[in-house]
Structure formats: C-alpha cells, structure tokens
Amino acid sequence: MWMFRYFEEELDIPIYREPIQCTLHGKRFFIGHGDGLGPGDRGYKFIKKVFSNRLCQWLFARLHPNFGVGLAQFWSGRSRKGNEKSPDEFTTPEREWLYQYANRKLETEHYDFFIFGHRHIPLDLVLKNGTSRYINLGEWMTHNSYAVFDGENLKLEYFEK
C-alpha cells in the first residue's frame, strides 16, 4: 500500500490492489492479496480505508521516521494482539474468512483456484463444491512456501534449505 508506484516505475512490476481473474491452460484463477475480503475483520477493513486515504498518507509522510515507524509497529502489534488466536494459526476451514469468501464467490461464478497470501500460513483447502481449491501461499520468511502451477494442477511447495 505504501509503495505507491515504485515497483511499477522502477522495476516494471505491476501491483494489483484488487483481486484479478484470469484463465491459464483452461483453469480459472481468482488471485489477490486477500486483505479485507470475506466476513469479519472489521477493524482491519476500517484501518485499511484510513491507510489508503490520500490525505492520511500525506499526513503520515510528514512525520519523522522515528515516530512514524514506531507508530506503524504499534498498530501492527495491536492488530495481532486483538485476535482471539494468533493470526498465524489455522483452526478450521469454517473459521477461515478467505475460505468463506471463496465459497460465496463460487455461488455466482466458477473458479478452479483461489490464491491468496494475506493469512501468512500455507493452506490448501478443497472448497464446498468438491473441486475448487483455496490456496494460501504462506510466506517466505518462516514457511519458505510458494505455489507451482504445472498447467493442470497447482501445488504448494516448500523450499528446502
């Protein structure tokens, strides 16, 4: 969110701020970060609106980095502590907001794969239609996880040291 256009202009890497839909080798994909999708997480959805507001971004840029970074760390830590369980724990599919979101999307349109990363934990769950899957990529620092699509199937992989 705070990169603005740096990746696009300096590295020629597109940033998608909303989920994208595409078809590869006949398979339908719904791909997004995953933040703010699905039911619940109202606190995060509110703070995301504040953080994406141009005026708030301009005001934050006026803060000294020592104060600004500390403030950002405070809000990040507060968000994690506010959850009943650690945000990096998996309980059941029915408690996963992105799992619920994907199942609701399937009511109106078919996708083979829903790929997100917001949860920071690797997940590969079959959705209620029995064929589509919700894949959460996890993250590179702790789980060393990533996904590979071979043209037919998508598989979570783990980099071995």
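The values are calculated or read from the model by the stated rules, or taken from the named source; none is laboratory data. Just so it is clear, the structure is predicted and the values come from calculations on it, not from any experiment. All Cβ positions, even for glycine, are placed from backbone atoms using ideal geometry, and neighbour counts span all protein chains on display.
So here's what we get for this one:
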item	result
Residues of the range 134-151 that turn out to be within 19 Å of residue 91 (Cβ to Cβ) and of a type in the set (D, E, K, R), as a count	1
Residue list for the range 38-57, filter: outside any helix (DSSP H, G or I) and modelled with pLDDT under 85	38, 39, 40, 41
The range 99-114: number of residues that are within 19 Å of residue 149 (Cβ to Cβ) and either under 16 Å from the mean Cα position of the chain (by Cα) or part of a helix (DSSP H, G or I) (or both)	3
Candidates 150, 88, 112, filtered to the one that is surrounded by 12 or more Cβ atoms within 10 Å (Cβ to Cβ), on the phi < 0 side of the Ramachandran plot and modelled with pLDDT of 80 or more	112
Residues being outside any loop (DSSP other than H, G, I, E, B), under 15 Å from the mean Cα position of the chain (by Cα) and either farther than 15 Å from residue 31 by Cα or charged (D, E, K, R) (or both) - total across the range 123-161	2
Subset tally (residues that are surrounded by fewer than 16 Cβ atoms within 10 Å (Cβ to Cβ) and at positive phi) for the range 121-142	1
Hits in the range 2-26 (condition: within 18 Å of residue 103 (Cβ to Cβ) and assigned to a strand (DSSP E or B))	21
Tally of residues being under 21 Å from residue 94 (Cα atoms) and not aromatic (Phe, Trp, Tyr) across the range 19-59	14
